[in-house]
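Okay, structure first, notes after.
The values are calculated or read from the model by the stated rules, or taken from the named source; none is laboratory data. If you're wondering where the values come from, they're calculated on a predicted model, not measured in any experiment. For neighbour counting, all protein chains shown are included, and Cβ atoms are generated from backbone atoms with ideal geometry for every residue, glycine included. Accessible surface is based on the protein model in full, side chains and every heavy atom, while ligands, DNA and RNA are left aside. Shrake-Rupley method; radii C 1.70, N 1.55, O 1.52, S 1.80 Å.
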Amino acid sequence: MRISRIGAASAATIAASALVLSACAAPQQESEVVEGSSITVAWNQPFYSYNSNTSFGNATANANIVYMTSGAFNYYDNTPELQKDESFGTYEVVSEDPLVVEYTIADGVQWSDGTPVDAADMLLAWAANSGVPNTPDFDPTEFTDPVTGEFTEDYPTDVVFFDGALGGGLENVSQVPEIDGKTITLEYDNIFVDWELVFGVGLPAHVVAQRALGIEDPQEAKDALVEAIQNNDAEALAPISSVWNSDWNFSEMPSEEDANLLVVNGPYVISDFVADQYITLTANENYVGENTPQIEEVTVRFITDPLAAVQALANGEVDVISPQATADVADALAELDGVTVLNSVEGTYEHIDLQFDQSKSGTFSDPLVREAFLKTIPRQQIVDTLIKPLNPEAEVRNSQLFVPGAPGYDDTVGGNGMAENFGEVDIEGAAALLAEAGVTSPEVCILYATNNPRRVNEFALIQESANQAGFNVTDCGSDDWGGLLGTPGAYDASFFGWQSTSLGVTNSSATFRTGGINNLNYYSNPAVDELLTELDTALEPERQIEIQLEIDRLLMDDAYGLTIFQFPGITAYSDRVEGVSPGPLSPTIFWNIWDWTPTDSESE
Amino acid sequence: MATFVIRRLIASVFVLLAATYIMYNLVALSGDPLEDLRQSSAPNKEELIESRIRLLNLDVAPPLRYFIWFGNVITGNFGVTVEGRSVNALLEQALGSTIQLVTISTVVAIFLGLIVGITTALRQYSGYDYSVTFVSFLFFSLPIFWVAVLLKQFVAIGFNDFLENDPQLPLLAVLALAVVSGALWASIIPGSARRKVVTFAIAAAATAAILTVMNVTGWFSSPALTIGGVAIMGLGAAVGFTALITGLKNRRALIAAVAVAGLGIALYFPFQYNLSFYVTEWWMLLALAVLTALVSGAIGYFAGGHDRGPVIRVAVFTGITTAFVIALDRFMMVWDDYATSGRIRGRPIATIGASTPNLEGSLWVQGVDIYTHLLLPTLALILISFATYTRYSRASLLEVLNQDYIRTARAKGLSERTVVVRHAFRNALIPIATIVAFDIGGLIGGAVITERVFGWTGMGSLFQNGLQRVDPNPVMAFFVIVGGLAILFNLIADLVYAALDPRIRVN
């Protein structure tokens, strides 16, 4: 009885419910999801600062986003080669001695808020990245808040300090450059060969001036900024430098009143940013250059774990991944359907250096012993067993100075003798050289990273091979290898990676010049020093390559050491996108973001 | 008691200090914080190295650098990372996302663990008891990173594949699930062999029938409970809670519960098709839940007669359950829209992150999105911690059931329900309370691996990234917070124990 009463009661309540419903008009019954779609890319580190030229914001995760949202005079493609973007602006060398370069912004190029990009922006870029207006002898650390890493409130108001890419080369332009409309003329004090790599438009001058000087009108703000820089007005430059250093450090979407921080001049604009999760870029309506994006919206998700990125790709949550290449990642990717896997190389390369001086046992003071030892290095075997599983197309790198693929690499391989003389392991030849040098079982203590399994394996391979020729290879490996590099008397040879961040020709100077900061094996050859000095002022690309070819050859003649392999990179993308083609130099996968096209017609 | 607390706190602070000193040095000496820069061939390498040394005081040896760090921590700042980011800011974000990740899993694990533990204790040495013991130990011994990867492979990628093309459970799966459910119910419900067979048959048939209906109606692509499901569950909750808390003989309780459920059902259509569109913020949903509890409580109060307490409880539990089921149905209504949207593209279960980037939609869509993202990490965490709770609550209830006063209660003729719910259950919860307190303390630090595998940037990644970059500041921030919480909750556990059990004194 009770049950039926309950049944009757519920029937009544449902009827009542329906009755109540009929009395009220229901709101619209469309889909409750707001539509839109995007290509999603996984990156292993969160973005945290839009000014990647400061020491605070100097990280690939930031540089990638800046790259996609900024126009530039030039950029690296995947060859790698420097490409010019003349739809953004042009530059030409007006005079070689003294070196004078003129940069001109193309007509119609504008910031995303409609303000034109002009010489004021370039003047600010010069001031900030050259550090010329900085107050001399000012130590900013006294006013750095240890909590935030940013500057404290008692930071002096009359001190100018631009925390730009100091030491990068632009400090060679010590006079305030002349500007005219959309043109700036940089005059270098000394000839600086890598001038092409150090200058570009950074932050919008009008926004910096609006925020620093409290001027509303963009043009007035720019004029004030130009005046301040030209007159070296410390009082105005102090807040400008402080704004330039700190204001663009945001790790989530800026609030409404700070929206002008998002003013950019590139193919994309930042449209959404959730702290530590993702940042979304949307095509810039005000972009007029030729790198027009095909994909309306690019989202970069921050995924640290490489395997998690692979599974997210498998599940369709991300479309492009470029995780750290490990055997697990390669295996997992091979299992996936509808995914294209690209094996590529990264900018870092492994190499073995011999200590010319200050070594542990003095073994390598004798060139014959150096040559003998290099003959035993099983480079091909190392590549075959340790690198090929990750990058089937991996090859031995045969040049100290040239990045494989870059102009000059093929020539140097033909001429420097590294491939010819040390291409294959020659135990007998090495033993003969040792006999000629008159040494028996010379000791070679090798420094390497013991916390890196790949390097432990490399050491084992080298040790086995060299011992066959009569060397006595011992283990100087350490977790703290980085700190031990260059320590006198600590080791005889070392292998580790050098990271190339650009194709700048001055980069090699620090490594091979006598007493250079990266010259950790006390190498010294007056002929090389002389060539490096000439290289520093050789503006002709052909001449630069000639000099580098010559240095590469001299290094091999001295049995300096060997390069082994380029670090393997792995990129995988789903069938929703086409055109991904990573390069070895930053911004690796993103360099041709505007060439990526969506294949999924629904998501257009 | 004050002396006890103070003494404990002072001792703990010293332990924590010593631990931070050791930890700081271990982290600082674990590698080379300049390693990435040493490999660089950038032209301004020297400046970069110098600025990092200045930023992190690397020119001071770690045993002494600790004191610089300590000086800052006392004033409440945890310094900066290798990248120069503020650890305090990172910590704030990390704490938020970790709490979001672990709260639900903890609550669900405790809830499920208690229920399963209690039922296994009541059916000690049954097939059900043995199976649960086996399963919980199995999960307990699995490494979480492995469970997580398996979950992603099967529950996310595999299940999404299933959902993508016209989801229909195959006949074999239906039969297998029916058998499992039959066996489960047969081992839980006591009785003779014949009764067990009947139970098995009914449960298996019911499961098979429900699954077939789900297949036929395309439930997997557009799930719904409809008013029928809500009515069954609401009235079921009314009868169930009454039976559990007061016994069905208490007519006042039954009437109050059915009235509450009826009210919920009456509000079904108005809510689903009108009111719910005006619920646009989470606090509104919470306010509705509070309102439901108040209204149900009031109904219980007026229907309660002279023994109001239990009646109010029955009414409130029924009301909350009915409201929850209605809300669940409302979330289900947007499932199809959600799953087929351009952002999801038919693969709703997520393996990574806390939300779908750029998904915009109503509160209900956002809720479904949170659900699809929390599902896997929550499952992983529950599987691991479930074992502890079931084992402890089972052991604790069994111990209480063997006490003399339980025998007395039975001897004086109390019903089994009263004996278990009133006399045994409450006392069995006392030791569980301390375990729960411990666990809440350990939560923040306990999900390091889970966070990494599921791409959550919480406390775990703060710790792990710091360790990888040989960066003591974020690691120490993690350590101080987690260590401090552990100490605090240990203390709370002791105090709670003393408060609950009059036999214990803190002195």
task = Evaluate the following for residue A:244: is it in contact with a strand residue (DSSP E or B) (Cβ under 7 Å, 6 or more places away or on another chain) and assigned to a helix (DSSP H, G or I)?
result = no
remark   = Looking across region B:8-45 at residues that are open to solvent by less than 40 Å² (accessible area, probe 1.4 Å) and in contact with a strand residue (DSSP E or B) (Cβ under 9 Å, 6 or more places away or on another chain), the single one that is farthest from residue A:498 (Cα to Cα) is B:42
task = Give region B:129-143 a look and list any residue that's open to solvent by less than 30 Å² (accessible area, probe 1.4 Å) and modelled with pLDDT under 90, or say none.
result = B:136
query = Does region A:253-264 include one or more residues that are assigned to a loop (DSSP other than H, G, I, E, B), within 30 Å of residue A:299 (Cβ to Cβ) and open to solvent by 40 Å² or more (accessible area, probe 1.4 Å)?
reply = yes
inquiry  = Please determine whether any residue of region A:323-337 is under 20 Å from the mean Cα position of the chain (by Cα), more than 15 Å from residue B:153 (Cβ to Cβ), within 13 Å of chain B (Cβ to nearest Cβ) and in contact (Cβ under 8 Å) with a residue 40 or more places away in the chain.
reply    = yes
inquiry  = Against the condition within 9 Å of chain A (Cβ to nearest Cβ) and modelled with pLDDT of 85 or more, how does residue B:44 come out, does it pass?
reply    = no
Within region A:265-314, tally of residues that are among the acidic types (Asp, Glu) and assigned to a strand (DSSP E or B) = 2
note = Quick count over region A:283-312, residues being open to solvent by 30 Å² or more (accessible area, probe 1.4 Å), of a type in the set (S, T, N, Q) and in contact with a strand residue (DSSP E or B) (Cβ under 7 Å, 6 or more places away or on another chain), is 2
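Of all residues being part of a loop (DSSP other than H, G, I, E, B) and in contact with a strand residue (DSSP E or B) (Cβ under 6 Å, 6 or more places away or on another chain) in region A:186-206, which is nearest to residue A:225 (Cα to Cα)? Just the residue, please.
Selected residue: A:188.
When you check residue A:216 against the structure, is it surrounded by fewer than 18 Cβ atoms within 10 Å (Cβ to Cβ), free of Cβ contacts under 8 Å to residues at least 24 places away in the same chain, charged (D, E, K, R) and outside any helix (DSSP H, G or I), yes or no?
Yes; evaluated as a whole, the condition is true for this residue.
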message = Being out of contact with any Gly (no Cβ under 8 Å at 6 or more places or on another chain), modelled with pLDDT under 90, part of a helix (DSSP H, G or I) and not hydroxyl-bearing (Ser, Thr, Tyr) is the requirement here; does residue B:159 meet it?
response = no
query = Among the residues of region B:185-192, is any within 13 Å of chain A (Cβ to nearest Cβ), surrounded by fewer than 20 Cβ atoms within 10 Å (Cβ to Cβ) and part of a loop (DSSP other than H, G, I, E, B)?
reply = no
ask   = Of the residues B:213, B:239, B:230, B:198, which is in a helix (DSSP H, G or I) and farther than 23 Å from residue B:326 by Cα?
value = B:198
query = Which of the residues spanning region B:251-268 are in contact (Cβ under 8 Å) with a residue 12 or more places away in the chain and open to solvent by 40 Å² or more (accessible area, probe 1.4 Å)?
reply = B:252, B:255, B:259, B:263, B:267
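For (1) surrounded by 22 or more Cβ atoms within 10 Å (Cβ to Cβ); (2) among the acidic types (Asp, Glu); (3) modelled with pLDDT under 95; (4) not in a helix (DSSP H, G or I), each residue gets a yes or a no:
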residue: B:284; (1), (2), (3), (4): no, no, yes, no
residue: B:301; (1), (2), (3), (4): no, no, yes, no
residue: B:306; (1), (2), (3), (4): no, no, yes, yes
residue: B:309; (1), (2), (3), (4): no, no, yes, no
residue: B:336; (1), (2), (3), (4): no, yes, yes, no
residue: B:342; (1), (2), (3), (4): no, no, yes, yes
key: residue B:86 vs. criteria over 18 Å from residue B:477 (Cβ atoms), at the interface with chain A (Cβ under 8 Å from one of its Cβ atoms), in contact with a Ser or Thr (Cβ under 9 Å, 6 or more places away or on another chain) and open to solvent by less than 50 Å² (accessible area, probe 1.4 Å)   = no
